[in-house]
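This is the structure, below, for whatever I ask next.
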């Protein structure tokens, strides 16, 4: 009987887990801020606002979100900081694949790869967000700061992007885009619109980059035919930082000292900008084939067309070109490189206005490099491009109203 009583007591103790049976409850470990934040992303529902409090929050792994209708909100662009200095896992700081997404009022620093990548999303707002590599311009920095790709209806405003080894603010293979009131500094490319359509880039400051603003169209990627971009009312200043892109990147070929570079893109309107002291040139308009590049992509058009440049201001620049053809030109002329440089490469017979129209007062300096003929006879006659093209339509997004 005594043995049965002991056994019954033991079973009762095990069955109901009473603390009085001499077994204390084992407390669950508290989640770290990083674990709690990722759990919020996983469990999020449409309409949720995920708050990032003020402070420096150490992250060791990539964060990801794939729930639509979520807002991530910090306490300020310099107050709420997600620091990835000790990141050990993941290719990005934050990866988002979700529609109707908003991120605002925070900073992401020192990621191993891209700071914020947004992939295949619609209706994206990136507002008052800073991405930065705090060690300065290094080839080991992540490629992109703010990086929407294959997305639609994108608003980037009040952003700050510093130190990207490719582009600080980049939008690729996307459509219906506004980038405004932002600052890009100490990146290889400050702001880049690539293989995208219908973009407005305005009221930004691009300074101390290798190239201030780039508008590119490249072959051998899923979305091509970049066109219909307006670059206006920007301050594009002192973009003379040595190119620190890893070898092999397309932006590794961008000359230090480039204000605006348009490559193989069509229907681009450039107006109301201030170009100051960009020491290669204020504006470069080039074919993808310049410098001996080739492509087997039969669907790709490597030549820029319908470029309309008007009502800009040019101060200084062109005194120290970072380009062999332009260095030779400067040695031959003894003059600064002209404000607007066109490589002169064209497919077939095209009238000047089909390629480039310039309406500026006073007239800027200009050169056609005659690159198709191995730079044999550069022309400085900009009058053949004294024409105008219809202004492009403004981009309208409901999130930008």
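Relative to the first principal axis of the alpha-carbon coordinates of the chain, what is the inclination of helix 2-16, with its axis defined by its Cα atoms, in degrees from 0 to 90 and to the nearest 10?
30 degrees
Moving on. Give me the extension gain from residue 399 to residue 297: residue separation times 0.36 nm, minus the current Cα-Cα distance, reported in nm with one decimal.
33.1 nm
Counting pairs of alpha carbon atoms under 8 Å apart in space and at least six apart in sequence, what relative contact order in percent does the chain give?
Numbers: 1182 pairs, mean separation 33.4, N = 401.
Computed over the chain, the figure is 8 percent.
Would you mind giving the average projected area, over all directions, of the Cα convex hull of the range 284-401 in nm² with one decimal?
Answer in nm², one decimal: 10.2.
Rg(Cα) of the chain divided by 2.2 N^0.38 Å?
Taking the Cα Rg and dividing by 2.2 N^0.38 Å, one obtains 1.24.
Once label points are set 7 Å from the Cα along Cα→Cβ at both residue 181 and residue 66, what is their separation, rounded to one decimal in nm?
3.4 nm
I would also like to ask the following. Applying 1/(1 + (r/R0)^6) with R0 = 45 Å to the Cβ-Cβ distance of residue 220 and residue 384, what FRET efficiency is obtained, to the nearest 0.05?
FRET efficiency, residue 220 to residue 384: 0.85.
Nearest 10 degrees, 0 to 90: what angle lies between the long axis of helix 33-43 and the longest principal axis of the chain (Cα atoms)?
90 degrees
Using only Cα atoms, locate the centre of the range 349-401 and the centre of the range 88-153, then give the distance between them in Å, rounded to an integer.
33 Å
Please report 215, 149, 283 as a ranked list, fewest other C-beta atoms within 10 angstrom at the top and most at the bottom.
The most exposed by this proxy come first: 149, 215, 283.
Most exposed first by the Cβ proxy, i.e. fewest other Cβ within 10 Å, how do 261, 345, 328 rank?
Least crowded to most crowded, the residues run 328, 345, 261.
For the range 68-221, just say rounded, prolate or oblate: build the C-alpha gyration tensor, square-root its eigenvalues into a ≥ b ≥ c, call rounded for a/c under 1.5, and beyond that prolate if a/b exceeds b/c, oblate if not.
rounded
Given points 7 Å out from each Cα along the Cα-Cβ axis, report the residue 34 to residue 247 separation in nanometres with one decimal.
Spacing of the two 7 Å Cα→Cβ label points: 3.4 nm.
Between residue 354 and residue 315, what is the label-point separation in nm under the 7 Å Cα-to-beta-carbon projection?
Placing both labels 7 Å beyond Cα along the Cβ direction yields 3.9 nm.
Using only Cα atoms, find the angle between the long axis of helix 324-333 and the longest principal axis of the chain, and express it within 0 to 90 degrees, rounded to the nearest 10.
Relative to the chain, helix 324-333 is tipped by roughly 30 degrees.
Bear in mind that the values in this text are calculations on the coordinates, not laboratory data. As the structure is a prediction and not an experimental result, all values here were calculated from the model. Backbone-built Cβ (ideal geometry, glycine too); neighbour counts: all protein chains shown.
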